[in-house]
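Enquirer: Let me give you the structure first, and then I'll get to my questions.
The values are calculated or read from the model by the stated rules, or taken from the named source; none is laboratory data. Everything quoted here is computed from the prediction, not taken from an experiment. A quick note on method: Cβ atoms are made from the backbone with ideal geometry, for glycine too, and the neighbour counts reach across all protein chains shown. Note: accessible area is taken over every heavy atom of the protein model, side chains too, but ligands, DNA and RNA are not part of it. Shrake-Rupley method; radii C 1.70, N 1.55, O 1.52, S 1.80 Å.
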Amino acid sequence: MKMLPLTPAGQTPVRALTIAGTDSGGGAGIQADSRTMALCGVHACVAVAAVTVQNTVGVSGFHEIPPQVVADQVRVVVRDIGIGAAKTGMLASTAIIEAVAGVCRELGIGRDGTIPLVVDPVAASMHGDPLLHAEALEAVRTTLIPLATVVTPNLDEVRLITGIEVVDDPTARKAAEALHALGAQWAIVKGGHLRTSEVSTDLLYDGDTFREYTAPRIATGNDHGGGDTLAAAIASALANGYSVPDAVEFAKEWTYRCLAASYDLGAGHGPVSPLWRLHTSPASTPVTG
């Protein structure tokens, strides 16, 4: 696959920002975002929105960071360091969503600004444990998604946000249209959770054209952090100047390789792993997208 550019040693690399929750087990959240960004050659900045108590078998609790502190983390990073793209993950509450949306508008982050924003509207863990207060779904619909350069929900999140149960290609297209109608510039409906299909097809829609990105389905239970990894890879590519379709194409293959390299961890679901990148030869990784 074509890799993102690697900055020569000693020179400042491309920067991206993740605004999300932690994962104490290290498989998802800010840890997965930072891991992917680093192995894509991107310097990862972070704004912690929540601290979760979790391992490979579930989430037993989470603590929200005060909304102003979340916004201030974003503000000081962007004003000092500068970023080429940002992504959101677990934002937990209406107050945090509103604070993040406000600072993004202030700093030109989002579909109408100069810095692209990937919105991963995290609502629950892969085990079904809630990571978003139920009343915050309306803020996701009306405040967060309208800022998105691209929104990347999984099928459970699609159902919660749009009310559409995706079971096949026609319902996936209907869901993509509904997400776009909420204000996202581009909408992805991910097919990874559609277990009845032999392939995993992600559908990208911009209000005019549907694009499909397909990969073989990998039979593994070790898929923790897959959604975070895809969104972080999209953000990394956008920070490098890729178009949204090209960024999604890159991220789809990146995530497929991370799934193929996933490993057992603890008693539950292990993580997808970008560590495969450490075993590739720099000579085999072109730096143009």
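Enquirer: Right, Val51: in a strand (DSSP E or B), surrounded by fewer than 23 Cβ atoms within 10 Å (Cβ to Cβ), at pLDDT 95 or above and touching a helix residue (DSSP H, G or I) at 6+ places or on another chain (Cβ under 6 Å) or not?
Expert: Taking the combined requirement at face value, the residue does not satisfy it.
Enquirer: Also, quick follow-up: Out of region 1-27, which residues are open to solvent by 10 Å² or more (accessible area, probe 1.4 Å) and in contact (Cβ under 8 Å) with a residue 40 or more places away in the chain?
Expert: Within region 1-27, the first condition is being open to solvent by 10 Å² or more (accessible area, probe 1.4 Å), and the residues that meet it are 1-2, 5-15, 22, 24-26.
Answer for region 1-27, where residues must be open to solvent by 10 Å² or more (accessible area, probe 1.4 Å) and in contact (Cβ under 8 Å) with a residue 40 or more places away in the chain: Met1, Lys2, Pro5, Leu6, Val14, Arg15, Gly25, Gly26.
Enquirer: If you go through region 219-242 one residue at a time, how many are in a loop (DSSP other than H, G, I, E, B) and open to solvent by less than 50 Å² (accessible area, probe 1.4 Å)? I'd like the intermediate steps shown before the answer.
Expert: The first filter runs over region 219-242 and keeps only residues in a loop (DSSP other than H, G, I, E, B), leaving 219-223, 225, 240-242.
If we keep only those that are open to solvent by less than 50 Å² (accessible area, probe 1.4 Å) as well, we get 220-223, 225, 240, 242.
Here the count works out to 7.
Enquirer: If the requirement is being crowded, with 21+ Cβ neighbours inside 10 Å, of a type in the set (Val, Ile, Thr) and at pLDDT below 95, which of these qualifies: Val70, Val59?
Expert: Result: Val59 is the single residue among Val70, Val59 that is crowded, with 21+ Cβ neighbours inside 10 Å, of a type in the set (Val, Ile, Thr) and at pLDDT below 95.
Enquirer: A follow-up question, please. Could you please find all residues in region 73-96 being assigned to a helix (DSSP H, G or I), farther than 19 Å from Glu157 by Cβ and in contact (Cβ under 8 Å) with a residue 12 or more places away in the chain?
Expert: Of everything in region 73-96, those that are assigned to a helix (DSSP H, G or I), farther than 19 Å from Glu157 by Cβ and in contact (Cβ under 8 Å) with a residue 12 or more places away in the chain turn out to be Gln73, Val74, Arg75, Val77, Val78, Arg79, Ala95.
Enquirer: Could you please give the count of residues in region 102-150 that are part of a helix (DSSP H, G or I) and within 15 Å of the chain's Cα centre (by Cα)?
Expert: Selection size over region 102-150: 4.
Enquirer: So Thr201 fits all but one of (1) open to solvent by 40 Å² or more (accessible area, probe 1.4 Å); (2) within 26 Å of Gly266 (Cβ to Cβ); what number is the exception?
Expert: Just one mismatch for Thr201, condition (2).
Enquirer: Name the one entry in Ala95, Ala123, Ala99, Ala134 that is in contact with a Leu (Cβ under 8 Å, 6 or more places away or on another chain) and farther than 15 Å from Gly183 by Cβ. Quick ask: steps written out before the conclusion?
Expert: Working: Ala95 fails: in contact with a Leu (Cβ under 8 Å, 6 or more places away or on another chain); Ala99 fails: in contact with a Leu (Cβ under 8 Å, 6 or more places away or on another chain); Ala134 fails: in contact with a Leu (Cβ under 8 Å, 6 or more places away or on another chain).
Within the list Ala95, Ala123, Ala99, Ala134, the selection yields Ala123.
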